[in-house]
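Contents: one structure, followed by commentary.
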Amino acid sequence: MDNNIFLNYREWLAEQKIPKGKRSVLLAGLDLFSQYGFNGTSTAQIATKAGTSQATIFKYFKTKEDLLLAIIQPIIKNLLPIYQKDFLNSLNKFTTVKDLIHFFIRDRYHFVSVNMDAFIIIFSEFLTNKKVRGLFMQLITASAPKISGAAFMQNPLKKQIRPELDSLTIIRTILGQMIIYLLQQKYAPKITTDLNHDLNLIEEQITRAISIN
């Protein structure tokens, strides 16, 4: 499948030129893996949800794990859109770390929130699935220098960043705060949240963590 930049995975998948049965299997896997987990979902359940047979699943995916990776790989690649010129050009417009972090958090939070079911799968598999963990860490490692090269380490922003912090540390700091907040929303729904207020606090915490002042 084409891995072009997208905002909404379901809308992107609907536009891909793939067999209808394959699309149905991917969507069924997305729904069931996010609800019951990878290990808690059988291929029989996926086939029933997709309105197809298990043979059709294995026609397109050799194993259930191959189906899992086919679902989440495009999502992971779009978490930090390293090939999206518009995104990188937007980063270059900011002259203060505070404004840059504000844009980054709001832009990527929106992406994660509209693809929450896929990120639930990624979060749940990250600690136990080596391939998922490898894809995620490969993304961060590859993306950090490109994003920082476009923004964080450029003047006048470079003078505002703590000199001991490299680009990978900055990206980990940003994503760590955002991911923890999303996990809180998913797994601790009884905790009262105010989205705008909470995102403002996250932005302030990240700005203090990486800025000289």
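Read the figures in this text as sums done on the coordinates, not as results from a lab. The structure presented is a predicted model; accordingly, all values stated were derived computationally and were not measured. We place every Cβ from the backbone using ideal geometry, glycine too, and count neighbours over all the protein chains shown.
Note the full-extension length gain between ILE180 and HIS110 as 0.36 nm times their separation in residues minus their Cα-Cα distance, in nm to one decimal.
Extending this stretch completely gives an extra 23.7 nm.
Please report the relative contact order for the chain, taking Cα pairs under 8 Å with a sequence separation of at least 6, and give it as a percent rounded to a whole number.
Relative contact order of the chain: 22 percent.
Starting from a Cα-only point model with no solvent, please compute log10 I(q)/I(0) by Debye for the chain at q = 0.12 1/Å.
Cα-only, vacuum Debye calculation for the chain: -0.68.
Mind giving me the nanometre distance, one decimal, between the label points for LEU168 and LYS130, set 7 Å out from Cα along Cα→Cβ?
2.0 nm
Between ASP31, ASP117, ASP194, which gets the highest mean-square fluctuation from a Gaussian network model of the chain, Cα cutoff 10 Å?
ASP194
Quick one: which of LYS64/LYS130; LYS20/LYS77; LYS49/LYS190; LYS59/LYS130 span more than 26 angstrom between C-alpha atoms?
LYS49/LYS190
If I model a spin label as a point 7 Å beyond the Cα along the Cα-Cβ vector, how far apart are those points for THR193 and ASN89 in nm?
Using points 7 Å along Cα→Cβ, the separation is 3.3 nm.
Helix-only estimate, please: 222 nm mean residue ellipticity of the chain, summing -39500 (n - 2.57) across DSSP H runs of length 4 or more and dividing by its residues, to the nearest 500.
Calculated at 222 nm, the ellipticity per residue is -22000 deg cm²/dmol.
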